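Read the structure below first, then the notes.
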Amino acid sequence: MFKTTSQYRTESTEGRYGGKGVAVVSHVMEKTELLANCRLFARIRLDPGCSIGWHTHDQEEEVYYILSGEAVVNDDGVIRTVYPGDSVYTGNGGSHSIENQGSEPMEFLGVILTYQPPER
């Protein structure tokens, strides 16, 4: 299967998990297109000042792979600035948040893998 960016379903979510501003989520692959236990495979954009609030990953794990810009991530109380090429893993009951405190938009790939098959 091939998909172009114009085929991605894109949604803008205000205050995602209690965050600030809008998170623009472009679904690279839908969970119904994958056989693996994947709940999310998306490119996510946060404009300056926008964030995804604190949330927990129970019975699943999420990887952020930073594509452009920079952001501050709180991963279970450890706070770090992340840059293009960096990755963050949170799972097995861990919690995290991400905020673009820079002056440019930032984008990252978000992948959530579940420990149980997703509902289809």
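Evaluate the stretch 59-76: report whether one residue or more is assigned to a loop (DSSP other than H, G, I, E, B), surrounded by fewer than 18 Cβ atoms within 10 Å (Cβ to Cβ) and modelled with pLDDT under 95. Scanning the stretch 59-76 turns up at least one residue that is assigned to a loop (DSSP other than H, G, I, E, B), surrounded by fewer than 18 Cβ atoms within 10 Å (Cβ to Cβ) and modelled with pLDDT under 95.
GLY110: surrounded by 16 or more Cβ atoms within 10 Å (Cβ to Cβ), farther than 14 Å from THR56 by Cα and under 16 Å from the mean Cα position of the chain (by Cα), yes or no? Against the criterion (surrounded by 16 or more Cβ atoms within 10 Å (Cβ to Cβ), farther than 14 Å from THR56 by Cα and under 16 Å from the mean Cα position of the chain (by Cα)), GLY110 qualifies. Of the residues making up the stretch 12-45, those that are charged (D, E, K, R) and touching a Lys or Arg at 6+ places or on another chain (Cβ under 9 Å) number 4. The set of residues in the stretch 69-120 that are acidic (Asp, Glu) and out of contact with any strand residue (DSSP E or B) (no Cβ under 9 Å at 6 or more places or on another chain) contains only GLU119.
Restricting the search to the stretch 77-107, which residues are part of a strand (DSSP E or B) and open to solvent by 30 Å² or more (accessible area, probe 1.4 Å)? Before the answer, list the steps.
Residues of the stretch 77-107 that are part of a strand (DSSP E or B), as a first pass: 78-82, 87-91, 94-99, 106-107.
Listed by number, the residues that qualify are VAL78, ILE79, ARG80, THR81, SER87, TYR89, GLU99, GLU107.
Of all residues in the stretch 25-43, those being over 15 Å from the mean Cα position of the chain (by Cα) and either charged (D, E, K, R) or at pLDDT 95 or above (or both) number 1.
The values are calculated or read from the model by the stated rules, or taken from the named source; none is laboratory data. Every value quoted in this text rests on a predicted model; they were computed, and no experiment measured them. Every residue, glycine among them, receives a Cβ derived from its backbone with ideal geometry; neighbour counts consider all protein chains shown. Surface areas here come from the heavy atoms of the whole protein model, side chains and all, with no ligands, DNA or RNA. Shrake-Rupley method; radii C 1.70, N 1.55, O 1.52, S 1.80 Å.
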